[in-house]
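Let me begin by presenting the structure, written as structure tokens, before commenting on it.
The values are calculated or read from the model by the stated rules, or taken from the named source; none is laboratory data. What you are looking at is a predicted structure, and each value in this text was computed from that prediction instead of being measured. FYI the Cβ positions are ideal-geometry reconstructions off the backbone, even for glycines, and counts take in every protein chain you see.
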Amino acid sequence: MRRHALTTTATIGLITVALGAAPSTAQTPALSLNPDQTCYDIGDPVIVDIDMTESQLAICAAQMFLAYDEAKLDFVSMTPSGDGPFSFQLFESVDEELGLITYAVAQFPNCTLATQGPARVATITFTALDNCFPTLDFVPHDPPTLLSGNNGASVEPVLTPMEPVKIDDGTVPIVVCPDTVIVCADADTQTGVAEWPAISDGCGFAVDATCDALSGDAFPMGVTTVHCSATEFCGLSDSCSFDVSVVDPIPDTGPGDSTGDLVVDLSDYIGFVDCFSGSGTPPTPDPSMCVEACLSAFDSDIDGDVDLLDFGAFQTVFTTP
């Protein structure tokens with residue numbers, strides 16, 4: 001749905017009282033997007049104030065161009081703050097399909113209340129639509145986001161996006177551990193160094209986690225369970241666990257021989273499929289093979305993964321049952 005409301009016949013970027021001259025070199029103010037809270041439930045109002053910091057130039061008008069996450073935020077309204085000169089809406093255009101807002105506000109028709117700030121310029125109200133972290137930010141535009149004074153001068157402010165906020169209806173996992181981590185044992189130490197990505201919540205946002213082992217630690221042969229507890233963005237706590245499996249590397253007995261039995265047969269075909277089609281960063285082996293074993297047996301073109309080109313090479317050495 002598209003919304004287009006115009007309160008003056010002037011064109012944004014050309015309204016004399018608000019946006020007359022090119023940006024000056026005066027002390028540059030900033031515009032920031034400040035939500036009323038950091039955590040919301042689906043259906044909650046999300047209220048964001050647009051605030052201006054101190055400015056050397058006395059300001060009485062503003063135009064701005066913003067983009068929001070239309071999948072997670074439903075636009076409701078945008079209103080002048082009424083703070084000093086920011087009392088009259090000159091222009092509003094909202095494209096709810098693309099999540100784009102064009103807006104201008106000023107004291108109209110004169111500029112007797114021009115302010116050097118700090119001041120609140122306008123307030124946007126959304127409704128929270130979907131879980132996780134919505135975005136709201138100023139976007140590049142021609143003409144740009146501007147603040148203007150009563151003498152025709154204007155300044156292009158420093159623009160700050162909205163700080164992270166989270167929408168959560170209670171179904172987002174508080175903490176998500178990685179899948180089983182499989183590594184090859186070192187022949188001398190009989191241990192394997194395991195690394196894994198940062199512990200995150202169900203939105204993929206990193207959480208403050210404490211685990212009983214660290215990524216990069218050495219683990220003994222066999223399976224070790226790593227336990228983690230974490231506190232997510234909104235302060236909720238939970239725990240999770242995952243396994244680190246340290247396995248013997250398969251002997252390098254020739255291309256395609258993943259089992260080390262000197263025959264490239266159906267067992268090796270299953271190994272190739274596991275290395276080729278597993279989830280995660282390829283190659284992802286089944287629990288009996290580590291990455292190095294996959295690469296040693298099947299990476300015929302030595303490019304660091306197991307792909308269709310390697311399958312062609314595998315077919316040439318495969319023994320038909």
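Figures for the structure shown
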{"item": "Count of residues meeting criterion [under 19 Å from the mean Cα position of the chain (by Cα) and more than 14 Å from CYS228 (Cβ to Cβ)] in region 180-203", "result": "2"}
{"item": "Residue list for region 188-247, filter: in a strand (DSSP E or B), under 30 Å from THR135 (Cα atoms) and β-branched (Val, Ile, Thr)", "result": "THR210, THR231"}
{"item": "Scan of region 43-84 for residues that are under 15 Å from ALA128 (Cβ atoms), in contact with a Gly (Cβ under 9 Å, 6 or more places away or on another chain) and surrounded by fewer than 17 Cβ atoms within 10 Å (Cβ to Cβ), ordered by number", "result": "ALA71"}
{"item": "Residue check for ASP137: closer than 30 Å to GLY170 by Cα and under 30 Å from the mean Cα position of the chain (by Cα)", "result": "yes"}
{"item": "Residue pairs meeting the criteria (Cβ under 8 Å; at least 6 apart or on separate chains; first under 12 Å from THR125 (Cα atoms) and not assigned by TED's automatic domain parsing to the domain that holds VAL139, in region 30-43; second surrounded by fewer than 19 Cβ atoms within 10 Å (Cβ to Cβ) and modelled with pLDDT under 95)", "result": "none"}
{"item": "Set ASP208, ASP201, ASP186: member being outside the structural domain of PRO109 (by TED's automatic domain parsing), buried (at least 20 other Cβ atoms within 10 Å of the Cβ) and charged (D, E, K, R)", "result": "ASP201"}
{"item": "Residue ranges of strands (runs of 3 or more DSSP E) in region 1-83 with at least 2 members modelled with pLDDT of 95 or more and polar (S, T, N, Q)", "result": "30-35, 73-80"}
{"item": "Residue within region 99-115 that is within 16 Å of ILE50 (Cα to Cα), not hydroxyl-bearing (Ser, Thr, Tyr) and not in a strand (DSSP E or B) present", "result": "no"}
{"item": "Residue within region 145-165 that is over 16 Å from ALA61 (Cβ atoms), of a type outside the set (S, T, N, Q), without any contact (Cβ under 8 Å) to a residue 12 or more places away in the chain and surrounded by fewer than 14 Cβ atoms within 10 Å (Cβ to Cβ) present", "result": "no"}
{"item": "Selected residue (only one of THR225, THR210, THR231, THR180 is of a type in the set (Val, Ile, Thr) and within 23 Å of GLY271 (Cα to Cα))", "result": "THR180"}
